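The structure under discussion appears below in the form of structure tokens.
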Amino acid sequence: MSSDKPRKIKTAGEPNRGLPVKVKGKRVLANPIRNPRPAEGKPTRNPRPVEVKPVRNSRTVDARPGTVGTSQHHHFPSPASEIHQASEESDVIYGRHPVLSALENQRGLNRIWITTRLRYDPRFHHLILQAKDNGAVIDEVEPKRLDQITHGANHQGIAAQIAPYSYIELPDLIAQAKSVSDPVIIVADGITDPHNLGAIIRTAEAIGAQGLVIPQRRASGITSTVVKVAAGALENFSVARVVNLGRSLEELKEAGFWIYGTAATGSEPLHTVSFSGPIVLVIGSEGEGLSMLTQRSCDVLVSIPLQGKTPSLNASVAAGMGLYEIYRQRLVNTHYLDRLHKTSLKNQNNRV
């Protein structure tokens, strides 16, 4: 004989289930447990299929039979994040001068974001059309969109996605530098600040140096920040990235270069050193300066005399002062030789 009273059923997955209560013929639990975990080895009743989709930039989802793994960090891709992910394979530069230099030198551009007002500027209009013919995608966007792409940087109404910087091999840099008389190459020993590296490149190219050598580890590479700070100098300036800096300095010595390293102690004042012939100027990192191994590889250590209480200079400032002294001496020597030549010609004419 059947009874209308509900029976209390205990399951392994519901050890603390409340007492059953009957309300209008329906069986209701006093303290229900939501989403109970099914007992191991027992099939669940009418299981609901769950599709586990991979989440971009999140932790691995662990999905076992009967359970659904969840990630603690949910990521919803936005236009700005898509640009950031694209920049891992190709860099984003911004600002009128860097982008204009890239356009003028026909550097490979994948995409250009530009405001409507700037697109029809006479300086950009023809170059934008030329980049489009070469396969670049041109997007006319609002300034807010550029703010997202550049993460709030001073984009000046234009940004571009370029292929990763193509470094030159050290032997090729040496051959290229020696095509001019008395070349100068900069070596950056552990410069980690991209702003400093960009400023060094800008100064070196402007003064007339032939190239730069940077180490592959524990140093900044050529990033979008470096390109921005260099203000177009990289379009006409070669950079070599080497695995072993000490070995590269020895290779430069074998090629006939004299190695001058900047150091605060145990060095000669910059203005007392006579710079001549092919020169390599080595600039140390912001905090530690030149490593001991690099110092041993240098032929001469030079220092910039300081009269104030500040113990050291910014790496890019030290590079600029060292380069200026090298080219100042060469300029003085050139003027002296020119004056000497003119004087000798004048004396010969007077004798005649």
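The values are calculated or read from the model by the stated rules, or taken from the named source; none is laboratory data. Keep in mind the model is a prediction, meaning the values are calculated, not measured. FYI the Cβ positions are ideal-geometry reconstructions off the backbone, even for glycines, and counts take in every protein chain you see. Surface accessibility is based on the protein's heavy atoms, side chains included, excluding ligands, DNA and RNA. Shrake-Rupley method; radii C 1.70, N 1.55, O 1.52, S 1.80 Å.
For this structure, a couple of remarks:
- Placed amide H near A240: partners under 5 Å, 5+ positions off or other chain: I168, L212, V213, I214
- Inter-label distance for A206 and T265, nm, one decimal - labels placed 7 Å from Cα along Cα-to-Cβ: 3.4
- W258 exposes around 130 Å² of accessible area when a 1.4 Å probe is run over every protein chain in place.
- In this calculation the C-beta distance from K132 to D182 is compared with R0 = 41 Å, giving a FRET efficiency of 0.45.
- For T192 and Y165, the FRET efficiency from 1/(1 + (r/R0)^6), where r spans their Cβ atoms and R0 equals 22 Å, is about 0.80.
- For A175 and R328, the difference between the fully extended length at 0.36 nm per residue and the C-alpha to C-alpha distance is 52.6 nm.
- The stretch 177-274 - Rg (one decimal) and Dmax (whole number), Cα, Å: 13.8, 38
- Loop sites in the stretch 268-331: trypsin sites (Lys or Arg not before Pro), DSSP, at most 13 other Cβ within 10 Å: K309
- Within the stretch 138-198: Cβ-based charge dipole about Cα centre, in debye rounded to nearest 20 (Lys, Arg +1; Asp, Glu -1): 40
- Counting protein heavy atoms only, the stretch 235-313 has 50 percent of its accessible area on carbon and sulfur, 1.4 angstrom probe.
- Computed from backbone phi, the HN-Hα couplings of the stretch 148-165 come to 5, 5, 9, 6, x, 6, 7, 7, 6, x, 7, 8, 9, 9, 10, 5, x, 4 Hz, rounded to whole numbers (Karplus: 6.51 cos²θ - 1.76 cosθ + 1.60, θ = phi - 60°; Gly and Pro given as x).
- Rounded to the nearest 10 square angstrom, D189 shows an accessible area of 20 square angstrom against a 1.4 Å probe.
- A full extension of the chain between R117 and R247 corresponds to an added length of 41.7 nm, given 0.36 nm per residue minus the alpha carbon distance.
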